[in-house]
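This report refers to the structure that appears directly beneath it.
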Amino acid sequence: MYASEFEYYAPGTVAEAVALLGKYGDDAKVVSGSQSLVPMMKLRLSSLKHLVDLRKVPGLTGITESGGFVVVGGMTTHHAVSVSELVKKKLPMMAEAAGNIGDAQVRNLGTIGGSLAHADPSADWPAVLTALDATLVIASAGGERSVKIGDFILGPLTTVLQPAEILTQVRVPLPQGRYGGAYQKLPHPASRFAVVGVAAEMFLDAGGAVQSSRIAITGLGPKVSRASSVEQALQGKKPDAAALKAAAAKAADGIEIRDDLIGSAAYKANLAAVIAERVLARAVARATNR
Ligand SMILES: Cc1cc2nc3c(=O)[nH]c(=O)nc-3n(C[C@H](O)[C@H](O)[C@H](O)COP(=O)(O)OP(=O)(O)OC[C@H]3O[C@@H](n4cnc5c(N)ncnc54)[C@H](O)[C@@H]3O)c2cc1C
């Protein structure tokens, strides 16, 4: 099926792009990697009159370290994140996640900002960036605002982004101390989206006990969920195999899971516990070896 007819714009600056979005309101959208928007347009799930392409806007791609943050431009592709030496060294779970998104075409065209703005409940970035406590920078005609990842996604395909706003940067704080992070998913065999994916960032104290952790799960609920019960179960504990297993068993606590074509709620809850146990073990190993 073909998309309905639309006007195409290729602005040269963020200011021009947000001006176009402001002018056309709900009839306009930006396109970044086109990997989610164009399929929706072709299926006529989205019928836009004006498409604002961000690919000619300079300054929206790249990965740098600045002021204690790894700063990723909103238009940076999944592939670019997966091969970044900075990311691999400082935030390896981001590189792991990016390298396992979709297939080569999706990774070469799809962007981190597009994925977050699309807010698919099975996407990888929301879980990884929740575990890493990222902040998103959003530009509009009025200037910039920053939103914590935990406040950004409201539900399936819904975020706090307003029609005339563009996600320009993802800022990931560089963890301090003895930390380790890991991400793992069971990929859907066709799309590679997460059936369930778990991201964990663990901080150990000098004695090797868990000082704090941030654990996030994608694929289970209508949006990414923080696994608070797991975090609480780990707090202050020596992260041995028994403690990790007991904590991971709580992965699905408090998350509203539905039976669907992929599997029953019970299957997905069990899957979350199994993946969480493995992810916690990898995160602890990384923190211990740091
Ligand atoms: C076959 C296939 C497999 C996939 N597998 C996975 C997977 O395993 N894991 C996974 O997480 N994802 C997967 N995806 C989704 C992929 O990651 C997309 O790249 C992503 O969801 C959208 O990014 P995009 O840059 O292509 O955005 P687009 O498709 O261009 O845009 C998507 C939406 O975001 C908005 N938008 C885009 N950029 C911005 C911005 N900078 N600011 C504000 N709004 C913006 C658009 O207006 C649109 O509403 C898959 C997609 C396909 C087609």
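The values are calculated or read from the model by the stated rules, or taken from the named source; none is laboratory data. None of the values given here were measured: they were computed from a predicted structure. Every residue, glycine among them, receives a Cβ derived from its backbone with ideal geometry; neighbour counts consider all protein chains shown.
Note on the stretch 47-84: residues that are within 18 Å of Leu132 (Cβ to Cβ) and among the charged types (D, E, K, R) total 1.
One line per residue, one yes/no per condition, for (1) within 11 Å of the chain's Cα centre (by Cα); (2) surrounded by 19 or more Cβ atoms within 10 Å (Cβ to Cβ); (3) among the aliphatic types (A, V, I, L, M); (4) within 16 Å of the ligand (Cβ to nearest atom):
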{"site": "Ala123", "(1), (2), (3), (4)": "yes, yes, yes, yes"}
{"site": "Pro126", "(1), (2), (3), (4)": "yes, yes, no, yes"}
{"site": "Asp133", "(1), (2), (3), (4)": "yes, no, no, no"}
{"site": "Ala141", "(1), (2), (3), (4)": "no, no, yes, yes"}
{"site": "Pro173", "(1), (2), (3), (4)": "no, no, no, no"}
{"site": "His188", "(1), (2), (3), (4)": "no, no, no, yes"}
{"site": "Val195", "(1), (2), (3), (4)": "no, yes, yes, yes"}
{"site": "Ile215", "(1), (2), (3), (4)": "no, yes, yes, no"}
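Only one of the listed residues (Lys88, Lys29) is touching a helix residue (DSSP H, G or I) at 6+ places or on another chain (Cβ under 7 Å), surrounded by 13 or more Cβ atoms within 10 Å (Cβ to Cβ), closer than 24 Å to Thr158 by Cα and basic (Lys, Arg). That residue is Lys29. When Ala242, Ala247, Ala273 are checked against the criterion of being under 22 Å from Pro121 (Cα atoms) and assigned to a helix (DSSP H, G or I), Ala273 stands alone in meeting it.
Exactly one of (1) over 22 Å from Leu21 (Cβ atoms); (2) without any contact (Cβ under 8 Å) to a residue 60 or more places away in the chain is unmet by Leu161. Its number? (1) is the only condition that Leu161 fails. Screening Asp259 on (1) of a type in the set (D, E, K, R); (2) part of a helix (DSSP H, G or I); (3) at pLDDT below 95 shows it passes everything except condition (2). Residues that are surrounded by 15 or more Cβ atoms within 10 Å (Cβ to Cβ) and assigned to a loop (DSSP other than H, G, I, E, B) are absent from the stretch 197-213.
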